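To start, the structure itself, in structure tokens.
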Amino acid sequence: MLYTGVHGDEGDQEDAGETLPHMGGLTILKYTFKSIGINHTRTMRLPYAPSTPPLDAPPDTADIYARIAERRNPRPLIPLDLSLLHSPPVADGWNSFIGAIRSRTLVDSGVMELAVCRVAVLNNAVYEWNAHAPLALKGGIKPDQLQAAFTLPCTAEGDVAELENSALTAQQRAVLRYTDQMTRTIRVQDDVFAELKTVGYDDRDIVELTTGIAGYNCVSRFLVALDVGENNAREMKSVEELVATLQ
């Protein structure tokens, strides 16, 4: 399989294929499946919004673009931004909410990223995993702990034996169980919630973890529903590959 995403994707660009002109001066690259003589090209389910404000847009649209660009700086706008910008007010609110989770919370960033990665695995959100798994490693999560988040069966279905024997710390295990139930069953059992307190999380930590898990469930569902970045048919990067890339 040959793949490239949209210019500005958080992931590495590999095996660049034919370029396709797109709106707003943005260049979209396509990826091609080659198997048994079949050749299919996939693109995101909607066209990407322009990478700069349209000339006929309301004045506040330029301000919204600027706020999103400021948070992304020094990177360009990414495919997620260019999907949301079909509705600038929604993109603006999204940017503010996710920006607060990413840069204004006090809970350990590694644990937060571990929870985001677990959401990505449970929801099969390839884009989300490939973007956030490296951030988990950079945040201090060990490779075997990230591997546990990648491979452990969902504890919301009651399978906790492997979790207890995993490389995860007590705090990480508590967060993973909380993430699993928030994502799969929505309703969190009392003992799972109480464990967050037992392992040392205070009220602010729990609010930040809860909004982070809920927020990235929203992100993953948006990414997968629209196939943002043309990632749905891709494989999630292995932990070994991610570690090698960061070395």
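Bear in mind that the values in this text are calculations on the coordinates, not laboratory data. The model shown is predicted, which means the values in this text are computed figures rather than measured ones. Neighbour counts are summed over all protein chains in view; Cβ atoms, including those assigned to glycine, are modelled from backbone coordinates with ideal geometry.
Before moving on, here are some points about what is shown:
- Percent breakdown of C-alpha pair distances by 5 Å bin, ordered from the shortest bin, for the stretch 85-131: 5, 19, 18, 22, 23, 10, 2
- Distance cut-off 15 Å, percentage of C-alpha pairs in the stretch 59-103 lying past it: 34 percent
- Per-residue ³J(HN,Hα) for the stretch 213-222, Karplus 6.51 cos²θ - 1.76 cosθ + 1.60, θ = phi - 60°, Hz, x for Gly and Pro: 5, 5, x, 7, 5, 4, 4, 5, 5, 5
- Using only Cα coordinates, the Kirkwood hydrodynamic radius of the stretch 101-247 works out to 15.2 Å.
- For the stretch 133-228, trypsin sites (Lys or Arg not before Pro) meeting the loop criterion (DSSP other than H, G, I, E, B) and having at most 16 other Cβ atoms within 10 Å: R187.
- For the stretch 204-247, the equivalent ellipsoid built from the Cα gyration tensor has semi-axes of 25, 19, 6 Å, listed from largest to smallest.
- In this structure, the amide hydrogen of R42, modeled 1.01 Å from its nitrogen in the peptide plane, lies closer than 5 angstrom to those of Y31, counting only residues at least 5 positions away or on a different chain.
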